[in-house]
Amino acid sequence: MHKIPVIAIHGGAGTILRSAMSPELEQAYTDALRRILDAGAALLAAGAPALEAVTEAVRLLEECPLFNAGKGAVYTEAGGHELDASVMDGATLAAGAVAGVTRVRNPVLAARAVMQHSGHVLMIGPAAQDFAARHGVELVDPAWFDTPERHAQLLRAQQAEGGAMLDHDGATLAAKTTDAAPLDPDRKFGTVGAVAMDIHGQLAAATSTGGMTNKRVGRVGDSPVIGAGCYANDRVAVSCTGSGEMFIRAVAAYDVSALMEYAGLSLQEAAHRVVDEKLMRIDGRGGLIAVDARGEVCMPFNTEGMYRGYARVGQPPVCSIYGTAEQGS
């Protein structure tokens, strides 16, 4: 029996600056989320597997400079970009990831190449991007990822006490003098991700990020770590966004599945246990999106907001930014 496919996406979590945002800017974010959800849902409606849908959704998020992945990625302390991504197929437990790539236009495609062609799970740096290029993934000049907004963010972070800043957590600093994004761009956990269930009930997840503004060169967060920032099996698919070190320590994405399997929790109970309890005990801020084999979607977060949305085939997309009653649906 065929199921009604569903896809969910996120574009990062962090501090809300609702008063500092124009209606036009909020509309731009909402329109981007809807456009990407529509594209993913169209693939699922045509019978594409969940893995295809999440890969394409994350690729589109990487192409959108509003989000911190691919074009528009944040800068390292050295003024460059180091990108991470991962994908996982719940039906087979196949997974692929890349970390610290600097020239791969769409890191999620490089992660997919690692999964399909290498026999490995995680590859890093120049070797990873050379491998991806040999399998048809486009490389670009590192300057392709540059945007003036992210560079200004780097300068603010370097001038601020404390150094590195998480992407949607810090435009409180900027909002006092400039127009700000709905989520504070200097204090935002800037990862993008997608999870999906296809017509056959199979699940997949994908995650991609530029990391933290002013991050130490060589730092890797949870996004390319299978089980931490991305996980999928035949029970649930999860993509995370947040303080990466804490999500790694909590093995956050896998823990949602473990709580469902071993403790008998529902998707909602498991996801909220991880986000609202386990992560908070170690000051882990952020959120996740998840979908289970019944097509239930959960999008909890413990910050003021999270760019997020979901779409069921045949129904209009639902998108949100702020912490509303919808956040856990």
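The values are calculated or read from the model by the stated rules, or taken from the named source; none is laboratory data. Predicted, not measured: the structure shown is a model, and the values here were computed from it. Counting neighbours? That spans all protein chains shown, and the Cβs are built from the backbone with ideal geometry, glycine included.
Mind listing just one residue for me: the one in the range 132-152 that is part of a helix (DSSP H, G or I) and of a type in the set (A, V, I, L, M) and, of those, surrounded by the fewest Cβ atoms within 10 Å (Cβ to Cβ)?
Of everything passing the filter in the range 132-152, Ala143 is surrounded by the fewest Cβ atoms within 10 Å (Cβ to Cβ).
Do we find a residue being modelled with pLDDT of 85 or more and assigned to a strand (DSSP E or B) anywhere in the range 12-35?
yes
Tell me yes or no: at least one residue of the range 91-112 is under 19 Å from the mean Cα position of the chain (by Cα), over 15 Å from Cys230 (Cα atoms), in a helix (DSSP H, G or I) and free of Cβ contacts under 8 Å to residues at least 12 places away in the same chain.
Scanning the range 91-112 turns up no residue that is under 19 Å from the mean Cα position of the chain (by Cα), over 15 Å from Cys230 (Cα atoms), in a helix (DSSP H, G or I) and free of Cβ contacts under 8 Å to residues at least 12 places away in the same chain.
What about Ala290, is it more than 16 Å from the chain's Cα centre (by Cα), surrounded by 24 or more Cβ atoms within 10 Å (Cβ to Cβ) and in a strand (DSSP E or B)?
So Ala290 does not fit the description; no.
Identify all residues within the range 23-51 that are of a type outside the set (A, V, I, L, M) and touching a residue at least 24 places away in the same chain (Cβ under 8 Å); write none if there are none.
Of everything in the range 23-51, those that are of a type outside the set (A, V, I, L, M) and touching a residue at least 24 places away in the same chain (Cβ under 8 Å) turn out to be Glu26, Tyr29, Thr30, Arg34, Arg35, Asp38, Gly40, Gly47, Pro49.
Give me the residue from the range 62-72 that is touching a strand residue (DSSP E or B) at 6+ places or on another chain (Cβ under 9 Å) and part of a loop (DSSP other than H, G, I, E, B) and, out of that set, surrounded by the most Cβ atoms within 10 Å (Cβ to Cβ).
Step by step, filter the range 62-72, then rank; the result is Ala69.
Identify, by number, the condition in (1) under 28 Å from Lys215 (Cα atoms); (2) without any contact (Cβ under 8 Å) to a residue 24 or more places away in the chain; (3) in contact with a strand residue (DSSP E or B) (Cβ under 9 Å, 6 or more places away or on another chain) that Met280 doesn't meet.
(3)
Let's see how each residue does on (1) surrounded by fewer than 23 Cβ atoms within 10 Å (Cβ to Cβ); (2) closer than 30 Å to Arg219 by Cβ; (3) at pLDDT 95 or above:
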{"residue": "Ala46", "(1), (2), (3)": "yes, no, yes"}
{"residue": "Pro49", "(1), (2), (3)": "yes, no, yes"}
{"residue": "Val74", "(1), (2), (3)": "no, yes, no"}
{"residue": "Leu83", "(1), (2), (3)": "no, yes, yes"}
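Identify, by number, the condition in (1) more than 29 Å from Thr30 (Cβ to Cβ); (2) in contact (Cβ under 8 Å) with a residue 12 or more places away in the chain that Ala152 doesn't meet.
Checking Ala152 against (1) more than 29 Å from Thr30 (Cβ to Cβ); (2) in contact (Cβ under 8 Å) with a residue 12 or more places away in the chain, the one that fails is (1).
I need the full set of residues from the range 298-329 which are of a type in the set (A, V, I, L, M, F, W, C), out of contact with any Ser or Thr (no Cβ under 7 Å at 6 or more places or on another chain), modelled with pLDDT of 95 or more and assigned to a strand (DSSP E or B), in order please.
Cys298, Phe301, Ala311, Val318
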